[in-house]
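What follows is a short report on a single structure.
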Amino acid sequence: MAGIVSYGSYVPYRRLKRAAIAQVLGVPATKGERSVASFDEDSASMAVEAVREALRNAHGGAVGALFFGTTTPPYAEKLNAAIIAAAASLPSEIRAADLTGSVRAGLAALMQAADAVGSGTSLAVAAMADCRLGAPEGKAEQANGDAAVAFVVGSDNVIAEIEASASFTREFLDSWRAPGERFPHSWEERFALTQAYSPLLGRAIQTVLERAKVAPSDLAKVVIDTPNPRAIDEVARRMKLEPAKIADSLALTVGQTGTPHAGLMLANLLPAAKPGDRILVVSVADGADAMVLRVTPAAASYKPARSVGGMIESKGDVSYGNYLKWREILPTEPPRRPDPERPAGPPMFRAERWKFGFVGTRCKACGTPQLPPQRVCVKCKAFDQMEPYSFADRTGRVATFTLDRLAYSLNPPTVNVVIDFDGGGRFLCEMTDCEPDKVAIGDQVEMTFRRLFTADGVHNYFWKARPKR
Amino acid sequence: MASKGIKDRVAIVGMGCTSFGEHWNKSADDLLVEAAYEAYKSAGVDPNDVDAYWLGTVGNLSGLTLSGPLKIPYKPVTRVENFCATGSEALRQACYAVASGAYDMVMAIGVEKLKDSGYSGLVISDPPNDGTLGSMTAPASFSLLAPAYFKKYGLDSDKGKDVLSRIAWKNHRNGAKNTKAQFQKEVPLEVIKNSPKVADPLGIMDCSGVSDGSAAAIVVRAEDAHKYCKNPIYIKALSFVAGPGEGHLSPDYDFTTFPEVVASAKDAYAQAGVTDPREQISMAEVHDCFTPTELVLYEDLGFSKRGTAWQDVLEGFFDLEGKLPVNPDGGLKSFGHPIGASGLRMMYEMWLQLRGEAGPRQINEPKLGLTHNLGGAPGRCVSFVSVVGRNLG
């Protein structure tokens, strides 16, 4: 039976305290803080983090499909899943698609992955990420958060079987955004809550539990992902669920992350789940998707390197002013420097493995790793004796560094570091997600896939260093 | 394998140098014409006497940039570019052309008109690329030297900053005595040390300025030199190397040296017969684009032993009155860095000093001078070193 083989989650490093928004705008503050994608992140780059983490723990066959769910795709036309596949060094023979238009695209991606496995694909990846905007002073700006999650689905070494699923689709007006608009609109809340979300949740849950032949009392945990948190209380009451069984909505620590949210809540509870546990996951928006998972004995020995909880703990604040600049809600004085030039198509095509996969070379004659890829060895000068060598998962140490205050950045100063990789290889690059005044020679760093800038509508993705999280 | 050099085979018999600064009312054409005509006059020659030209400039793509404004009548004009060492590269090519016997008299000239761009600092654009090249600014690239040097030789950041500030202070002090400099004022140490940060630990006063300027030299065979002037200066060595960029690829490089400079200095000293540069070189113009560059250059050029240049700095060894004055004209720090002109501007100071024409900056009886020009960044750069002298032999 198809099920989850591995998973990876990503919560960006920065947090915006809701009180900090309220203080600037003079609006009522809600509790807690929300996660904020950095100025150099977007849905695709965050999804890459989650997918890489998930793939590290996936075994048993080739990845044959990748589905990317998001309502905030970096490109409206151009396959965003292809960026993720390239950055995760997935094979080119792969079915890949972007699923978008609704935050329900997250569970839709997971279901598509399961269907692909059901029809013979060894492993299928479901990635989901969002970096949603809310207009200043609105509820969504405070309530939302940014995150990504990914699941590798397969039929061997499964840690959580998908016992049953159910999907409903309804046409109704609650939340919408036209092409070209930055902020979503929403209808009056009571309408969707009473006429759409509550009835849809009820039907989806009833149907999926019947299909799985599971009673509500048999459930160990319930993940309810809804745009309106009041719907959760109503479902819990109707199903007579103990509050402890309701999964943490992450509202106080991360925020409502949209497309990845159901998956993120699931990833958050999986480490504590016990073999035999049944988990109900339901997501409602423009309809509803639901599934029942059964945790297998294999889950007991599954050890993810990163957990949602760990990601929530690893954080640094961003001011509301910087948040507004990062999202380009607040225009700023342009620098007295030329605009960055868009990267060129043919060189990017030639350098796909390097630029997206961070694959360098190693000299077969002397064993020296080097990056970017070389033809003549820097050490022994052997000619064309190179083999591909990935630096994406290698850690390194800062050899020297500088804080560049002249370079244009949405988050000055730009921290540049010279990294010496464990196992060999040196690279000079930008360091992100760090506190500039704390950077020191000898700091341990790891690599992260980021969007450096956008020019002429071309997003320039490449890798940066960050302090090990 | 070594460069053989052309010691004492060619001589500079005339030079010109515009003032460097914000020439809002002068174009690159104006600056070229002024530097060229000053050089013609200095050598006492007619423009028609010059057989060929080498133009160093980064902004323009052909010899027409020079032949047009000077109305050079159907003669070879070669435009050269080699990063920030462009001006020195023009001189090197010109000298070799004379030494080869191909021409009797040539001119090397460099120009840059930076203040028209409207940008802060230097801007050099890359060819179409894959977007992975990074975009470090020049001060950031060179500031990588500072923490590495401080750590290696046990200087705390405050002491390190004192050393860097002392270098800028010395160069501005020299520039204050130079009417052609962009900045002709001494700057107090405290102002330098506390200047606003550009690329930590470098402040704005650790950086050379942005200016416009042009400089030119007329080169002939050494045996012809006295036909044109009583006191020519003789080329003892010209060395130029381009590094393989190992510093950005290999952890062996520790950002406390420029191996390219070490190689070009070694080559130049061999050509010139210099065995003890700290004792034999009377003065030097070096590429002080940023203060840590000059600090590291002292060691790479063999003026100070490894790890001791900072002590020499604090003891005034490189001051105008010191044992080995460096950047007596004020350096890039006082002149700014109009790229194509800088290497020839350095040579212009050698021309003045070796001929006893440096006025309030005059060094007592200098015999051998060195110019050093660098382009690129620590780990990946080109380096030029020349040695010039007052006498043959």
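Bear in mind that the values in this text are calculations on the coordinates, not laboratory data. All of these numbers come straight from a predicted model, not from anything done at the bench. Cβ coordinates were reconstructed from backbone atoms using ideal geometry, including for glycine residues, and neighbour counts include every protein chain displayed.
Of the trypsin sites (Lys or Arg not before Pro) in the range A:1-68, which ones lie in a loop per DSSP and count no more than 10 other C-beta atoms within 10 Å? Intermediate results must be reported in sequence, preceding the final value.
On the way: sites: A:R14, A:R15, A:K17, A:R18, A:K31, A:R34, A:R52, A:R56; in loops: A:K31.
Those that pass, being in a loop and sparsely packed, are A:K31.
Shielding value for B:246-258 is 5, the average number of Cβ atoms from other chains within 10 Å of each residue's Cβ.
Applying 1/(1 + (r/R0)^6) with R0 = 41 Å to the Cβ-Cβ distance of A:D437 and A:A272 gives a FRET efficiency near 0.65. Between helix A:198-212 and chain A there is an angle of about 90 degrees, using the helix long axis and the longest principal axis of the Cα atoms. The trypsin sites (Lys or Arg not before Pro) of the range A:182-288 that DSSP puts in a loop, and whose beta carbon has at most 16 other beta carbons within 10 Å, are A:R182, A:K213, A:K240.
Here the Debye sum runs over all C-alpha atoms of the protein assembly as shown as equal scatterers in vacuum, and log10 of I(q)/I(0) at q = 0.11 Å⁻¹ comes out as -1.15.
Extending 7 Å from the Cα toward the beta-carbon at both A:E242 and A:Y75 defines two label points whose distance is 5.0 nm. With only Cα atoms counted, the range A:115-159 has Rg and Dmax values of 16.7, 49 Å.
Gyration tensor analysis over the Cα atoms of the range A:345-467 returns equivalent ellipsoid semi-axes of 26, 19, 11 Å (largest first, whole Å).
Cα centroids of the range B:167-198 and the range A:240-287: 63 Å apart.
When a/c reaches 1.5 or more, the comparison of a/b and b/c decides; with that in mind, is the range B:171-289 rounded, prolate or oblate per its Cα gyration tensor? Because a/c hits 1.5 or more and a/b fails to exceed b/c, the range B:171-289 counts as oblate.
Nearest 20 debye, what's the magnitude of the dipole of the protein assembly as shown about its Cα centre given +1 on Lys and Arg Cβ and -1 on Asp and Glu Cβ?
Working: 95 positive and 98 negative charges, 193 e Å.
In debye, rounded to 20, the protein assembly as shown gives about 920.
What the pair-distance distribution of the range A:1-88 shows, using all Cα-Cα distances binned every 5 Å from zero, is 3, 12, 18, 18, 15, 13, 9, 7, 4, 2, 1 percent. Only aspartates and glutamates eight or more places from B:K7 in sequence, or on another chain, were considered; those with a Cα closer than 14 Å are B:E223, B:D267. Across the cross-link table entries B:K185/B:K323; A:K364/B:K305; A:K468/B:K161; B:K151/B:K236; A:K379/B:K333; B:K159/B:K197, which are compared at the Cα atoms, the separations over 28 Å belong to A:K364/B:K305; A:K468/B:K161; B:K151/B:K236; A:K379/B:K333.
Taking the 0 to 90 degree range and rounding to the nearest ten, how far is the long axis of helix B:259-272 tilted relative to the main principal axis of chain B, both from C-alpha atoms? Once rounded, the angle reads 40 degrees. Peptide A:334-346 has a mean shielding of 4, counted as Cβ atoms of other protein chains within 10 Å of each residue's Cβ.
Under the 0.36 nm per residue contour assumption, what length would be gained going from the current alpha-carbon distance of A:C380 and A:T169 to full extension?
69.7 nm
Can you divide the C-alpha Rg of the range B:2-143 by 2.2 N^0.38 Å and report the result to two decimal places? Please list the in-between numbers first.
Details: Rg = 17.0 Å, N = 142, 2.2 N^0.38 = 14.5 Å.
My calculation over the Cα atoms of the range B:2-143 gives 1.18.
Distance between the modelled labels on B:K4 and A:T194, one decimal in nanometres: 10.0 nm (7 Å Cα→Cβ projection).
Rounded to two decimals, what is the ratio between the C-alpha radius of gyration of chain A and 2.2 N^0.38 Å?
This ratio for chain A stands at 0.99.
Estimated from helical segments only, the mean residue ellipticity of the protein assembly as shown at 222 nm is -8000 deg cm²/dmol, where each DSSP H run of four or more residues counts as -39500 (n - 2.57). Distance between the pseudo-spin-label points of A:D422 and A:A344 (7 Å out from Cα toward the beta carbon): 3.9 nm. Hydrodynamic estimate: the Kirkwood radius of chain B over Cα pairs, inserted into Stokes-Einstein at 10 °C and 1.306 mPa s, corresponds to D of 77 µm²/s. With R₀ fixed at 60 Å, the C-beta to C-beta distance from B:E223 to A:L25 puts the FRET efficiency at about 0.15.
Between A:Q206 and A:D317, what length in nm is gained on full extension when 0.36 nm per residue of separation is reduced by their alpha carbon distance? Between A:Q206 and A:D317, full extension yields 35.8 nm more.
Seen against the Cα atoms of chain A and their longest principal axis, helix A:105-118 is set at about 90 degrees.
Holding the Cα-Cα limit at 32 Å, pick out from A:K31/A:K355; B:K4/B:K180; B:K75/B:K230 the pairs that are longer than that. Write down the numbers at each step before the final one.
Values: A:K31/A:K355 41 Å; B:K4/B:K180 35 Å; B:K75/B:K230 28 Å.
A:K31/A:K355; B:K4/B:K180, as the Cα separations exceed 32 Å there.
Shown here for the range B:67-121: GluC sites (Glu not before Pro) in loop regions (DSSP other than H, G, I, E, B) with at most 10 other Cβ atoms within 10 Å, of which there are none. Straight-distance candidates among the lysines for linking to A:K240, with alpha-carbon spacing under 16 Å and chain neighbours fewer than 8 residues away dropped: A:K221. Given springs between every Cα pair under 10 Å in a Gaussian network model of chain B, which of B:G121, B:G331, B:G213 has the largest fluctuation? Taking springs between Cα atoms under 10 Å, the residue moving most is B:G121.
For A:K213, a cut-off of 15 angstrom between C-alpha atoms picks up these aspartates and glutamates, skipping any fewer than 8 places away in its own chain: A:E161, A:E163, A:D277.
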